[in-house]
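The values are calculated or read from the model by the stated rules, or taken from the named source; none is laboratory data. Just so it is clear, the model here is predicted, and its values are computed rather than measured. In this analysis, Cβ positions are derived from the backbone assuming ideal geometry, glycine residues included, and neighbour counts consider all displayed protein chains. For accessibility, only protein heavy atoms count, side chains too; no ligands or nucleic acids. Shrake-Rupley method; radii C 1.70, N 1.55, O 1.52, S 1.80 Å.
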Amino acid sequence: MAAKKKSTKTKASATKPTEPLSALLRLPSGPVDLSAIDTAATPGYPGAGKADAPALTEALTPELSELQERLYANGRSEVEGAPSVLVLLQGMDTSGKGGVIRHAMGLVDPQGIQLTSFKVPTPEERKHHYLWRIRRALPKPGMIGIFDRSQYEDVLVVRVEQLVPVSEWNGRYDEINDFEKKAAEAGTTIIKCFLHVSFAEQKERLTARLASPAKYWKYNPRDVDARAKWPAYQEAYTDALERCNTDHAPWFVIPADRKWYRNWAVAQLLREHLIGLDLSWPEATFDVAAEKARVAKS
C-alpha cells in the first residue's frame, strides 16, 4: 500500500482565514441595519473556538513585526511617499477598545506606535475646530497610529447628548469624509473598526466590573447613563457608519461579544493592510561594499 502523502498545508497558512477578513468584515455600502449583524459571530476565524485563540493571535506576531518594521524603516529613512497606517477604534462603552490595544496592537513594536485617546475636549481644544485635535494626532510617515475614539465622537456623543444644534452635527459627516480623503491621499491607510457589542453583553461586562475590587477602576457610572440612551446611540452609529463608509476609508464591523475573536480580527485586519502596502526595504544611502570593507578592517 502506498504511503499517504503529508499535507502541504503549512502551520502558518492554517492560522489565516481562507478569504481576506477585510472583505468579510467590510461594511457594504448602502443602508445599515446594526440589529441584523450578529455581535457574537466569528467570520473568517480559522480556529475551533476560544481555546485556540491565544495561539492563533500570537502566530500573527512574526509577520506583523516584519511588516511593521518595513513600514517604520521607510518612514525613518525618509523614503519619498513613505506611508503610515491609522487604526481607528470606535464602539460603545465596554466594546473593547482598550482590550484591542493591549492584545492586538500589543503584538507590534511600541516604538512604531502613536496612540491617542480622545476624551472630553480640553479648554484649549474647544477653542479650535473639532477636527483640529484629530489632524494633530495623525500618524507620521512610517508609524501606526491608534485612535481610541475619534472624530466620530462629534457625530455620536455630541448628537445624542444634544451638545450642538442638529444643523451643526449634521454637516459634519461630509467634513469627516473630506478630512479622511485628504489623509488617505497624503499616504495614510485608514482602518476604521466599529466594535459591535450587544446590549446584553455590555450589561454582563459592567456587572463584572462591579463584582471585583480589582476591576472597580474600569467602572464609570457615566457608562450606565449612556446605556440608558442605547437606542439613540445605535441610531447615531448607524448614520455614522452609513454616511462615512467610503472607498478611501471604509468601515469594518467587528463582532465584539467574543473578546478573543475581536482581538484576533483587528490584528488580522492590520496584517492584511500592511501586506497591501507592498513595501520594500529602503535602499542604502551609502556604498555598501565600501562600508563592509571598513567594518572588516575596524
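Filtering the range 173-201 to residues that are among the polar types (S, T, N, Q), under 30 Å from ASP38 (Cβ atoms) and open to solvent by less than 20 Å² (accessible area, probe 1.4 Å) leaves nothing. SER167 meets the conditions (1) of a type in the set (S, T, N, Q); (2) assigned to a loop (DSSP other than H, G, I, E, B); (3) on the phi < 0 side of the Ramachandran plot in every case but one. The failed one is (2). Applying the criterion of being open to solvent by 30 Å² or more (accessible area, probe 1.4 Å) and among the β-branched types (Val, Ile, Thr) to the residues of the range 146-172, the residue that is nearest to GLN90 (Cα to Cα) is VAL157. For ALA232, the stated conditions do not hold, so it cannot be described as surrounded by 16 or more Cβ atoms within 10 Å (Cβ to Cβ) and in contact (Cβ under 8 Å) with a residue 60 or more places away in the chain. For the range 82-134, a residue qualifies if it is within 26 Å of ALA200 (Cα to Cα), under 12 Å from the mean Cα position of the chain (by Cα) and among the hydrophobic types (A, V, I, L, M, F, W, C), and the qualifying residues are LEU88, LEU89, VAL100, ILE101, ALA104.
Listed here are the residues, each with its yes/no results for (1) surrounded by 17 or more Cβ atoms within 10 Å (Cβ to Cβ); (2) under 22 Å from LEU64 (Cα atoms); (3) touching a residue at least 12 places away in the same chain (Cβ under 8 Å); (4) of a type in the set (A, V, I, L, M).
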position: ALA82; (1), (2), (3), (4): yes, yes, yes, yes
position: ASP109; (1), (2), (3), (4): no, yes, yes, no
position: VAL120; (1), (2), (3), (4): no, no, no, yes
position: GLU125; (1), (2), (3), (4): no, no, no, no
position: ARG136; (1), (2), (3), (4): no, no, no, no
position: ILE144; (1), (2), (3), (4): yes, yes, yes, yes
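A count restricted to the range 266-288 and to residues that are over 15 Å from LYS16 (Cβ atoms), of a type outside the set (A, V, I, L, M, F, W, C) and touching a residue at least 24 places away in the same chain (Cβ under 8 Å) stands at 3.
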